[in-house]
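Input: a single structure, listed below in structure tokens.
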Amino acid sequence: MQAAMAITTKYCQKELEEYGGCVASHPASWQEKCLDLKLKVAQCTSSHPVIRKIRTDCASEFSAFESCLRENQTSAEACQPRLNRFLACVETVDLSGTANAAPQPT
């Protein structure tokens, strides 16, 4: 989860900051008041070229990590080796030509 959050923060920081600000400003009604900003965060994470490339190139590593989390819900530490494999994969993804690209419509 932290890895996904770190990637999301890096490439969708503006959307996350706007959403976080809205949530902080509306503690009692943020679910309703901030829905459009939540959807913007979701749109960014699903359409950003860098995140899409990582999802494609490291799909099997991420899937293995996700499966491990489901199987070890009370002991996420057991999944550290799979998380490490996913993060190692992310480091090898060739992002040339995508790093400064804007999110694409899905």
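The values are calculated or read from the model by the stated rules, or taken from the named source; none is laboratory data. Remember, predicted model here, so these are calculated numbers, not experimental data. Each accessible area value is taken on the protein alone, full model and side chains, heavy atoms only, with ligands, DNA and RNA left out. Shrake-Rupley method; radii C 1.70, N 1.55, O 1.52, S 1.80 Å.
Summary table
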item	result
Residues satisfying the stated conditions in the range 60-75, i.e. open to solvent by less than 50 Å² (accessible area, probe 1.4 Å) and among the small types (Gly, Ala, Ser)	ALA64, SER67, SER75
Count - residues of the range 17-59 that are open to solvent by less than 50 Å² (accessible area, probe 1.4 Å), under 15 Å from the mean Cα position of the chain (by Cα) and more than 24 Å from SER96 (Cα to Cα)	1
